[in-house]
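No value in this document is a laboratory result; all are computed from the given coordinates. Being a predicted model, the structure only gives us computed values, none of them experimental. Cβ atoms come from the backbone with ideal geometry, glycine included; neighbour counts cover every protein chain shown.
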Amino acid sequence: MRKTTKKKIAPIVVTVLVVAYLTPLIAIVLALAGFLGTREGLPALPFLLGYAFLGGAVVVGIILALNQRLREIDGGEEEEASRY
């Protein structure tokens, strides 16, 4: 059990770092989009909302990838593949 716990540390740390990096950036972009939502900043609004959407998609994707990786580690698929 200890061996699988050590294997889980790196994916969890990387996921936390990426989410901690992207979340404030997404919040800043959304705040900027709200601020620029006036007539003068209207042309930039779709770009900013698209950027925020893509950042959110990356966060969701990395969390799903973490979930899949943790299931692989628990299932022992890595040890099975190393036999071949």
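Key figures
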quantity: Nearest-0.05 FRET efficiency for Asn67 and Lys7, computed from C-beta distance (R0 22 Å); calculated: 0.90
quantity: Virtual spin-label span in nm between Ala20 and Leu42, 7 Å along Cα→Cβ; calculated: 4.2
quantity: Shape category assigned to the stretch 1-77 from the gyration tensor of Cα positions, a/c cut at 1.5; calculated: prolate
quantity: Rounded FRET efficiency, nearest 0.05, which uses the C-beta distance separating Val60 from Ile28 and R0 of 25 Å; calculated: 0.85
